[in-house]
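Peer 1: Before anything else, here's the structure in question.
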Amino acid sequence: MDITLALGGGGAKGNAHIGVLRRLEQEGYRIRSIAGTSFGGLVGILYASGCSPAELLDIFEAVDQANLYGRDSDDGPSILGFSGIRKWLDEVVGEKTFDDLHIPCAVIAVDVKSGAEVIITEGNLKDAILSTIALPGIFPIQQLNDLELIDGGVLNPVPVSVARTLSPNLPIVAVILNAPMDTPVRTFAFPVPSLVPRVLADQISRMNFAQSWDIFMRAVEIGSRGVAQYRLELDAPDVVVRPAVHEIEMLDNVIVKDVAQLGEDAVEEILPKLKRAVSWRHRVGKKLFGKH
């Protein structure tokens, strides 16, 4: 039972992808290729490099989440930096490139100069990961050749279209971390670095710019939901998995195994539909009549 995956972005919500991968493997599905955006791109690359779901869980549980976002002197304008993330990626992927991956994988970014979607399928893995997770304004823009790259979720939050190019004849399972359009939008706390004393952090949260941040992030969330919904309607994956992670913020410090379990639970709900999607009747009908 061969499938390809499109893993969506969502920051800390993306730990749910680990549970999705784990349950799919347990059910006997063979993942032949992965396209990922943002955290989905990070998980996709690590899985494609040979990490099992159990190893992914160990890797992410070992991360000191509170110290990931320090700034380096060469970071451009942004609220947070990639200092800790760079050091962590040096440990987990080192200098590996896409040529070292076991299965085809692509990650999505956006070039802020041209406004175009950029599909990264070659070169250094660390550069690709930093590019696809570079949330605009929050993390620094990443320079790659002559491109200035930010998070691919701006244009393609769940890269079904890219997954289809990797494995044109396989069913596509799309994992979306955005809440549905009709779900109330939650408030967003300003991301205060862990080194800031608690009293000062509370004061910052009540300041005008923290309230402005909340409004801005709600607008971003609404736009992201809309783009994800429209892309899913257009690109038509065979199966959609939507873990119940909507109360988690992008930069939350989470218990990884609990979020992973939400991904596994979401796969449980769609197993009957997935079994139909990989059946020969469905695949022949899709090929003949374009049915999804």
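Peer 1: Can you tell me which residues in the stretch 140-169 are among the aliphatic types (A, V, I, L, M) and either open to solvent by less than 30 Å² (accessible area, probe 1.4 Å) or over 30 Å from SER279 (Cβ atoms) (or both)?
Peer 2: ILE141, LEU144, LEU147, LEU149, ILE150, VAL154, LEU155, VAL158, VAL160, VAL162, ALA163
Peer 1: Let me ask another. Just to be sure I understand, how many residues within the stretch 44-66 are at pLDDT 95 or above and of a type in the set (S, T, N, Q)?
Peer 2: The total comes to 2.
Peer 1: Looking at the stretch 76-119, which of its residues are of a type in the set (S, T, N, Q) and in contact with a helix residue (DSSP H, G or I) (Cβ under 8 Å, 6 or more places away or on another chain)? Give the derivation first.
Peer 2: Of all residues in the stretch 76-119, those of a type in the set (S, T, N, Q) come to 78, 83, 97, 114.
If the condition is that a residue be of a type in the set (S, T, N, Q) and in contact with a helix residue (DSSP H, G or I) (Cβ under 8 Å, 6 or more places away or on another chain), then THR97 is the only one that fits.
Peer 1: Tell me whether the stretch 49-62 contains one or more residues that are under 13 Å from the mean Cα position of the chain (by Cα), hydroxyl-bearing (Ser, Thr, Tyr) and either at negative phi or open to solvent by less than 60 Å² (accessible area, probe 1.4 Å) (or both). It would help to see each step written out before you state the result.
Peer 2: Going residue by residue through the stretch 49-62, those that are under 13 Å from the mean Cα position of the chain (by Cα) are none.
No, every residue in the stretch 49-62 fails to be under 13 Å from the mean Cα position of the chain (by Cα), hydroxyl-bearing (Ser, Thr, Tyr) and either at negative phi or open to solvent by less than 60 Å² (accessible area, probe 1.4 Å) (or both).
Peer 1: Starting from residues that are of a type in the set (Lys, Arg) and farther than 20 Å from ILE59 by Cα, keep the ones in the stretch 1-38 and report whichever is surrounded by the fewest Cβ atoms within 10 Å (Cβ to Cβ). Working first, answer last.
Peer 2: Looking only at the stretch 1-38, we keep the residues that are of a type in the set (Lys, Arg), and these are 13, 22-23, 30, 32.
So of that shortlist, the ones also farther than 20 Å from ILE59 by Cα come out as 30, 32.
Working: ARG30: 11, ARG32: 15.
So the residue we want is ARG30.
Peer 1: Still on this structure, please answer the following. All but one of (1) out of contact with any Phe, Trp or Tyr (no Cβ under 8 Å at 6 or more places or on another chain); (2) open to solvent by 10 Å² or more (accessible area, probe 1.4 Å); (3) part of a helix (DSSP H, G or I); (4) not acidic (Asp, Glu) hold for VAL43, so report the exception by its number.
Peer 2: Unmet condition: (2).
Peer 1: Something else now. Which residue out of VAL118, VAL93, VAL112 is farther than 18 Å from GLY11 by Cβ, more than 18 Å from the chain's Cα centre (by Cα) and of a type in the set (A, V, I, L, M)? Quick ask: steps written out before the conclusion?
Peer 2: On the way: VAL118 fails: more than 18 Å from the chain's Cα centre (by Cα); VAL93 fails: more than 18 Å from the chain's Cα centre (by Cα).
Within the list VAL118, VAL93, VAL112, the selection yields VAL112.
Peer 1: Looking at ARG71, is it touching an Asp or Glu at 6+ places or on another chain (Cβ under 9 Å), surrounded by fewer than 19 Cβ atoms within 10 Å (Cβ to Cβ) and outside any strand (DSSP E or B)?
Peer 2: Answer is no for this residue.
Peer 1: Being touching a Gly at 6+ places or on another chain (Cβ under 9 Å), touching a residue at least 24 places away in the same chain (Cβ under 8 Å) and buried (at least 19 other Cβ atoms within 10 Å of the Cβ) is true for just one of ILE172, ILE129, ILE119. Which residue is that?
Peer 2: Details: ILE172 fails: touching a Gly at 6+ places or on another chain (Cβ under 9 Å); ILE119 fails: buried (at least 19 other Cβ atoms within 10 Å of the Cβ).
On inspection, the qualifying residue turns out to be ILE129.
Peer 1: Applying the selection to the stretch 78-116, what residues are of a type in the set (Asp, Glu) and open to solvent by less than 70 Å² (accessible area, probe 1.4 Å)? So that I can check it myself, show each step before the final result.
Peer 2: If we filter the stretch 78-116 for residues that are of a type in the set (Asp, Glu), which is where we start, we get 90-91, 95, 99-100, 111.
If the condition is that a residue be of a type in the set (Asp, Glu) and open to solvent by less than 70 Å² (accessible area, probe 1.4 Å), then ASP111 is the only one that fits.
The values are calculated or read from the model by the stated rules, or taken from the named source; none is laboratory data. Values in this document were obtained by computation on a predicted structure and should not be read as measured data. With ideal geometry, Cβ positions are generated from the backbone for all residues, glycine too; neighbour counts draw on all protein chains shown. Areas reflect the complete protein model, heavy atoms only, side chains present, ligands, DNA and RNA absent. Shrake-Rupley method; radii C 1.70, N 1.55, O 1.52, S 1.80 Å.
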